[in-house]
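Novice: Before we start, here is the structure in question, set down as structure tokens.
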Amino acid sequence: MLTPDEVLVVGRIVSVHGVKGWVKVYSHTDPMENIFDYQPWHLLEGGVWKPVKLTGKRRQGKGLVAGFEGYEDRDRAARELVGRDIAVPRSQLPESGDGEYYWRDLIGLRVKLDDGRDLGRVHGLMETGANDVLVVRGDADSLDRQERLLPWTPGEVVSAVDLDAGELRVDWDPDF
């Protein structure tokens with residue numbers, strides 16, 4: 001069994017599909033089919049991440065569906081699996097390249113202006129189509145408690161990322 005620090009959530013089971021226990025899967029990977037490349041999947045059960053074996057997987061219309069060993073009927077799949085996150089061991093992910101970051105590595109970093117003033121911490125990221133956006137929430141140690149949306153544009157808005165120091169530097173007007 002894996003600990004929470006050893007897993008990365010890559011998707012979620014959102015509903016049942018058909019009568020043979022298959023489920024619809026929402027994938028956080030890009031492209032979405034990449035979720036199938038990471039095996040085994042782990043599902044949270046009673047506070048413990050437990051591995052599950054896929055018996056089938058495929059694209060279905062605009063989404064994904066999968067079947068699991070031991071979950072061969074619609075009632076059991078619906079009752080037990082819907083709403084669960086899908087996680088994989090972090091060790092399965094390839095190392096990020098130079099200047100590349102997994103979103104999970106950015107979440108929680110302190111965000112500081114180039115002049116040293118603190119804006120808060122990265123609370124999350126969003127895809128907008130044009131570019132990804134950092135969701136920065138101010139806290140007791142920051143300039144204010146404001147939530148800011150900053151474009152993830154390394155070399156422009158994002159001046160530097162220092163994962164070891166837990167810090168992200170930005171060139172940003174805090175009044176914006």
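Novice: Quote the charge dipole size of the range 1-129 about the Cα centre in Debye, to the nearest 20; the model charges only the Cβ of Lys and Arg (+1) and of Asp and Glu (-1).
Specialist: On the way: 19 positive and 20 negative charges, 131 e Å.
Dipole of the range 1-129, to the nearest 20 debye: 620 debye.
Novice: Evaluate the distance, in nm, between pseudo-label points positioned 7 Å from the Cα of Lys53 and of Thr128 along their respective Cα→Cβ axes.
Specialist: 4.7
Novice: So what is the accessible area of the chain per residue, in Å², with the probe set to 1.4 Å?
Specialist: Accessible surface, normalised per residue, equals 58 Å².
Novice: Just one of [x] 34; [y] 21; [z] 38 is percent of Cα pairs over 28 Å apart calculated from these coordinates, so which is it?
Specialist: The listed entry that was calculated here is [z].
Novice: Output the relative contact order of the range 96-176, whole-number percent, from Cα pairs under 8 angstrom with separation of 6+ residues.
Specialist: Working: 155 pairs, mean separation 21.0, N = 81.
That works out to 26 percent.
Novice: In whole percent, what relative contact order does the chain give with Cα contacts below 8 Å and a gap of six or more residues?
Specialist: 18
Novice: Moving to a separate point now. Rounded to a whole number, what % of the accessible area of the range 57-176 do carbon and sulfur atoms account for, probe 1.4 Å?
Specialist: 43
Novice: Here is a follow-up. What is the dipole size for the range 77-154, taken about its Cα centre, with +1 at each Lys and Arg Cβ and -1 at each Asp and Glu Cβ, in debye to the nearest 20?
Specialist: My answer is approximately 340 debye.
The values are calculated or read from the model by the stated rules, or taken from the named source; none is laboratory data. None of the values given here were measured: they were computed from a predicted structure. Because the Cβ atoms are built from the backbone with ideal geometry, glycine has one as well, and the counts that use them run over all protein chains shown. Protein only, heavy atoms only, side chains kept; ligands, DNA and RNA dropped before computing areas. Shrake-Rupley method; radii C 1.70, N 1.55, O 1.52, S 1.80 Å.
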